[in-house]
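A short write-up of the structure that comes next.
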Ligand SMILES: [Zn+2]
Ligand SMILES: [Zn+2]
């Protein structure tokens, strides 16, 4: 059984994983960690077929892992009633094709997110210069679509309700992605925040591997409208959640988490906004049809030097080959 220390000695010290490998958010919400990203099961243990909901769908290659955790939690041959996406980044839809085929389920997302999920558009390029960690540096290698789930894709209900999750509402929290949503249940103030803010430092490989708990802004390399991202954090902090599950990092609870979240909202520019970067200078602009405009890339010294190094190596190789021939 794994444990992790909460970020503040005043909080409940440690929380342990369930035997099925998931981590409790509340009695009826559990997080499953797929290497670098979390997904969530909504529904009581043993709920049975079509009596639960999957929120997000893990990294590529994690389908068998997710299905086995779902079987352990909800019972053999128990399929969800639907899948709800907080957004469509690769680490949140990685297993979705396989799972949706196996389970034959509808997939819900916000209308502003649909163009990247129905085959129309790829997300604009990430910015590897922000955040300063290895996860950020590698971000140009991450897939960014377009994904095509159009056969099963549906817009979230306009009345704010969440299919299969009575008592919950979705909250548009764009900035990290155009149609990003968080899910909130007022009765016990449970918040599934997606990547609007996260509970580890996602740009840093060591923090990600250790699942080190800390309240942070959205993963910077994929965030493409920072003013919107700030407003989203302010709105979610104002909900004063009691339990929080995010796309990256462990679930957190109680006043220590709330205080950290309030501080993030208050000092967002200091704590989360990168000093400079492609989307810091000006945001990407989106509408319901997809990408409207993308700002030009910023000069990236690391890529530049790596590129120059490659050119020099290629020159050397060609020179050697020519010498051999002559
Ligand atoms: Zn994301
Ligand atoms: Zn993510």
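The values are calculated or read from the model by the stated rules, or taken from the named source; none is laboratory data. What you see is a predicted model, and the numbers here were worked out from it, not measured in a lab. Backbone-built Cβ (ideal geometry, glycine too); neighbour counts: all protein chains shown.
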Quiz item: Do we have residue 58 as in a loop (DSSP other than H, G, I, E, B), under 21 Å from the mean Cα position of the chain (by Cα) and touching a residue at least 24 places away in the same chain (Cβ under 8 Å) here?
Solution: yes
Quiz item: Can you pull out the residues in the stretch 183-212 that are in contact with a helix residue (DSSP H, G or I) (Cβ under 9 Å, 6 or more places away or on another chain), closer than 23 Å to residue 41 by Cβ and more than 13 Å from ligand 2 (Cβ to nearest atom)?
Solution: 184, 191
Quiz prompt | Options 88, 133; residue that is within 16 Å of ligand 1 (Cβ to nearest atom) and within 29 Å of residue 44 (Cα to Cα) | solution = 88
Quiz item: Going through the stretch 160-174 one residue at a time, which ones are within 16 Å of ligand 1 (Cβ to nearest atom), surrounded by fewer than 24 Cβ atoms within 10 Å (Cβ to Cβ) and either at pLDDT below 95 or assigned to a loop (DSSP other than H, G, I, E, B) (or both)?
Solution: 174
Exercise. Can you give me the ranges of the helices (runs of 4 or more DSSP H) entirely in the stretch 212-326 with at least 3 residues that are within 29 Å of residue 192 (Cα to Cα)?
Key: 226-238, 254-266, 268-271, 278-281
Quiz prompt | Within the stretch 114-144, tally of residues that are without any contact (Cβ under 8 Å) to a residue 60 or more places away in the chain, under 16 Å from the mean Cα position of the chain (by Cα) and within 15 Å of residue 85 (Cα to Cα) | solution = 1
Practice problem: Kindly check whether there is at least one residue in the stretch 188-198 that is assigned to a helix (DSSP H, G or I) and either surrounded by fewer than 17 Cβ atoms within 10 Å (Cβ to Cβ) or within 16 Å of the chain's Cα centre (by Cα) (or both). | Solution: no
Quiz prompt | Residue ID - nearest to ligand 1 (Cβ to nearest atom), chosen from residues in the stretch 91-102 that are more than 17 Å from residue 181 (Cα to Cα) and in contact with a strand residue (DSSP E or B) (Cβ under 8 Å, 6 or more places away or on another chain) | solution = 94
Quiz item: With 125, 115 as the choices, which residue is under 22 Å from residue 283 (Cβ atoms) and assigned to a loop (DSSP other than H, G, I, E, B)?
Solution: 125
